[in-house]
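Below is one structure, written out as structure tokens; the observations come after it.
The values are calculated or read from the model by the stated rules, or taken from the named source; none is laboratory data. Predicted, not measured: the structure shown is a model, and the values here were computed from it. Using ideal geometry, Cβ is built from the backbone for each residue, glycine included, and neighbour counts are taken over all protein chains shown.
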Amino acid sequence: MVRKLLVLSLVTAVVVFAGCHTPLRGVVWAPIVKTESPLLLGDTDVGTENVGEATWEGILFLAKGDASITTAMKNGSKGPITRIHHVDLETLSVLGIYTEETVKVYGE
């Protein structure tokens, strides 16, 4: 029984102190992480007044939503976006249990 408790404590310590690795941001140690990062650069001659967003969210192993660039282009604030200036990615993670990512497309 003591051995099982020791192994469980060791595994818990490794998981807690290991952090989470994300491809764009490296190792994340904070329990609540909110980041904004550039994802893609398009044509810099295009304006940025039209902004489209697409979001997905997940809890543990369940996820819903469509955060594709195509969906964000369709959801432009002034109608569909046909020419992209740049794309940003916003991420919110709470303890690695809840995650929300929003793709923002700027263009005309």
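Quick check on my filter: what residues within the range 50-62 are without any contact (Cβ under 8 Å) to a residue 12 or more places away in the chain and either in a strand (DSSP E or B) or touching a Leu at 6+ places or on another chain (Cβ under 6 Å) (or both)?
Narrowing the range 50-62 to residues without any contact (Cβ under 8 Å) to a residue 12 or more places away in the chain: 61-62.
Of everything in the range 50-62, just one residue is without any contact (Cβ under 8 Å) to a residue 12 or more places away in the chain and either in a strand (DSSP E or B) or touching a Leu at 6+ places or on another chain (Cβ under 6 Å) (or both), namely 62.
Can you name the residue in the range 74-83 that is modelled with pLDDT under 95 and not in a loop (DSSP other than H, G, I, E, B) and is also nearest to residue 107 (Cα to Cα) among such residues?
76
Of all residues in the range 27-49, which are free of Cβ contacts under 8 Å to residues at least 12 places away in the same chain, farther than 28 Å from residue 107 by Cβ and outside any strand (DSSP E or B)?
As a first pass, look at the range 27-49 and keep what is free of Cβ contacts under 8 Å to residues at least 12 places away in the same chain: 27, 29-30, 45.
Among the residues that remain, those that are also farther than 28 Å from residue 107 by Cβ are: 27, 29-30.
Selection gives 29, 30.
Here is a check on your reading of the model: is residue 107 out of contact with any helix residue (DSSP H, G or I) (no Cβ under 7 Å at 6 or more places or on another chain), of a type in the set (Gly, Ala, Ser), exposed (fewer than 13 other Cβ atoms within 10 Å of the Cβ) and more than 30 Å from residue 31 (Cα to Cα)? Talk me through it step by step, then tell me what you get.
Values: out of contact with any helix residue (DSSP H, G or I) (no Cβ under 7 Å at 6 or more places or on another chain): yes; of a type in the set (Gly, Ala, Ser): yes; exposed (fewer than 13 other Cβ atoms within 10 Å of the Cβ): no; more than 30 Å from residue 31 (Cα to Cα): yes.
Answer is no for this residue.
It is to be established whether one or more residues within the range 24-46 are surrounded by 10 or more Cβ atoms within 10 Å (Cβ to Cβ), at pLDDT 90 or above and either within 16 Å of residue 92 (Cα to Cα) or charged (D, E, K, R) (or both).
Within the range 24-46 (the criterion being surrounded by 10 or more Cβ atoms within 10 Å (Cβ to Cβ), at pLDDT 90 or above and either within 16 Å of residue 92 (Cα to Cα) or charged (D, E, K, R) (or both)), the answer is no, since none of the residues qualifies.
Would you check if residue 59 is hydrophobic (A, V, I, L, M, F, W, C) and modelled with pLDDT under 90? Break it down into steps so the answer makes sense when it comes.
Values: hydrophobic (A, V, I, L, M, F, W, C): yes; modelled with pLDDT under 90: no.
No.
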